[in-house]
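The values are calculated or read from the model by the stated rules, or taken from the named source; none is laboratory data. Computed from a predicted structure; not experimentally measured. Every residue, glycine as well, gets a Cβ built from its backbone with ideal geometry; the counts of neighbours run over all protein chains shown. Areas reflect the complete protein model, heavy atoms only, side chains present, ligands, DNA and RNA absent. Shrake-Rupley method; radii C 1.70, N 1.55, O 1.52, S 1.80 Å.
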Amino acid sequence: MAGSRTYRTKAIVLDKTKLKETDLILTLVGESGRQIRAVAKGARKPGSRLAARCELCCEVDVLLAHGRNLDIVSQADLIAAPLGAQPSYELLTAASAVAEVAEKCTYEDAEDPFVYAITRAVLAHLAAAGADTPVEDPAHLDLLVAAYIFKLLSHVGYRPDYSACVACGDPSPGYFSAQAGGLLCASCASGVPGCEPVDANMARWLEGLVSMRFSELAIAPIDSHTAAHMLGLAHLWAATHLECRLRALEFLLGR
């Protein structure tokens, strides 16, 4: 209804910030792909119904009231909690990195339904992979997070070029450069700071992170070293093109 003070949307919780003694500021991505910042009043009170329904990465059906600066959460119904009630350390760190990148790629004045859809999808696959992931070998969690970063940034306009050297067209590049926009040959890489060497296997994986589905990546055979390297390159790509520090992703890399 035109002029309505309230509106309802499905949303995923990306971040929570404490406000006063009992309130929370929630950062959400709505199903339209628009970022929403809203106050959940009393969410930190013991026994609050909002508390359990607004945990990190939960998918909720929320009724929001328009506010002067921030919207107000009037009601929240839980749709899905992909991390479960007691997520493992590995799953929580991986999901936090996803939420952080999603927050950096969404805006209050711009809609993009793809962001909501891909974030929802990767969280479901992370939860499934995390259920069977050994503590000492979170390779598929790393791979899924790396794929999410490259897929999402490719969608918003930062798609890497893996076909050949981006500077001279050499068909056998051996370095990755976020600054240059993809792969470089040894000659061109010598003049670009921050290049990372990649072998043919890693170059194939970089292509696969964009082209393969999450369901395929979740069962693809990969070793921990290669998965961690892919995650490191994804972090380099995101930090360079989003021009910000990604603390949750740094924490995931340093775990």
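One table, with the values for the structure above:
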| item | result |
| --- | --- |
| Inter-residue pairs, beta-carbon under 7 Å, first under 14 Å from SER48 (Cβ atoms) and in segment 69-91, second surrounded by 16 or more Cβ atoms within 10 Å (Cβ to Cβ) and of a type outside the set (A, V, I, L, M), 6+ apart | ALA76/ARG53; ALA76/CYS54; LEU78/ARG53; LEU78/CYS58 |
| Any hit, segment 198-209, residues being touching a strand residue (DSSP E or B) at 6+ places or on another chain (Cβ under 6 Å) and on the phi < 0 side of the Ramachandran plot | yes |
| Scope segment 23-57; condition open to solvent by 10 Å² or more (accessible area, probe 1.4 Å), on the phi < 0 side of the Ramachandran plot and in a loop (DSSP other than H, G, I, E, B); matching residues | GLU31, SER32, ARG34, LYS41, ARG44, LYS45, PRO46, SER48, GLU55, LEU56 |
| Residue ID - most open to solvent (accessible area, probe 1.4 Å), chosen from residues in segment 161-185 that are of a type in the set (A, V, I, L, M) and touching a Ser or Thr at 6+ places or on another chain (Cβ under 9 Å) | ALA167 |
| Residue that is of a type in the set (S, T, N, Q) and closer than 15 Å to LEU143 by Cα, where the choices are SER211, SER172, SER177, SER190 | SER211 |
| Neighbours by Cβ (under 6 Å, 6+ apart or cross-chain): first from segment 101-115, more than 15 Å from VAL13 (Cα to Cα); second open to solvent by 50 Å² or more (accessible area, probe 1.4 Å) | GLU111/ARG34; PHE114/HIS155 |
| Enumeration of residues in segment 182-218 that are of a type in the set (S, T, N, Q) and within 19 Å of the chain's Cα centre (by Cα) | SER211, SER215 |
| The one condition in (1) under 19 Å from LYS104 (Cα atoms); (2) surrounded by fewer than 16 Cβ atoms within 10 Å (Cβ to Cβ) that SER4 fails to fulfil | (1) |
| Selection from segment 206-216 of residues that are in a helix (DSSP H, G or I), open to solvent by 50 Å² or more (accessible area, probe 1.4 Å) and not charged (D, E, K, R) | SER211, SER215 |
| Subset of segment 9-22 (residues that are exposed (fewer than 12 other Cβ atoms within 10 Å of the Cβ) and either within 24 Å of the chain's Cα centre (by Cα) or assigned to a strand (DSSP E or B) (or both)) | THR17, LYS18 |
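Conditions tested, residue by residue: (1) small (Gly, Ala, Ser); (2) out of contact with any helix residue (DSSP H, G or I) (no Cβ under 7 Å at 6 or more places or on another chain); (3) open to solvent by 50 Å² or more (accessible area, probe 1.4 Å).
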residue	(1), (2), (3)
GLY194	yes, yes, yes
ALA200	yes, yes, yes
ARG204	no, yes, yes
ALA218	yes, no, no
ALA227	yes, no, no
MET230	no, no, no
